[in-house]
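In what follows, a single structure is set out as structure tokens and then discussed.
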Amino acid sequence: MQEILKIIGVAFVTAIAALLLRSTKPELSFAVTVTGILVILLFLVDMLQSSLIVFSKIAELTGVENGLIKILLKIVGVGYITEFGAGILTDFGSPSVADKVSLCGKVVILTLSFPVIESLLSLIQGFLQLL
């Protein structure tokens, strides 16, 4: 709970500072925004490290291949990073570029998901052969 309050606090300070600077010094407004985003991402890195340990334990307990868990985490990461990047581009007045980033993120997710789909199809094929 404390982490999210820190993140929201940094976000509000960043947004207010960028808004105040936008009319007088737009280049400084951009720098403040990027700095605030980097601070927020640093908070996230700490939280993600503990989450990765939990996913590793789940993989061990369930017997799911560690590679599949890594792929699923990459897919989620690409989705979040893509959404984050597209949001920033939209905020800075480039919605068409944001749309292209979203499209590229979807293609990357599709490409990353091929091994998971292949594994699922192999599992289904094994079940069908048992029948």
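The values are calculated or read from the model by the stated rules, or taken from the named source; none is laboratory data. Keep in mind the model is a prediction, meaning the values are calculated, not measured. All Cβ positions, glycine included, derive from the backbone under ideal geometry; neighbour counts span all protein chains shown.
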**OP:** Tell me which of these I40 doesn't satisfy, since it passes every other one: (1) surrounded by 14 or more Cβ atoms within 10 Å (Cβ to Cβ); (2) closer than 25 Å to L123 by Cα.
**Re:** (2)
**OP:** Tell me, yes or no, whether the stretch 107-117 has at least one residue that is within 19 Å of L44 (Cβ to Cβ) and either in the same structural domain as P26 (by TED's automatic domain parsing) or touching a Ser or Thr at 6+ places or on another chain (Cβ under 9 Å) (or both).
**Re:** no
Subject >> Answer from S56, S96 - the residue that is part of a helix (DSSP H, G or I) and more than 30 Å from A31 (Cβ to Cβ) >> reply: S56
**OP:** Check whether at least one residue in the stretch 112-130 is of a type in the set (V, I, T), surrounded by fewer than 11 Cβ atoms within 10 Å (Cβ to Cβ) and part of a helix (DSSP H, G or I), and report yes or no.
**Re:** yes
Original post:
Does any residue of the stretch 65-85 turn out to be more than 30 Å from L120 (Cα to Cα) and surrounded by 11 or more Cβ atoms within 10 Å (Cβ to Cβ)?
Top reply: yes
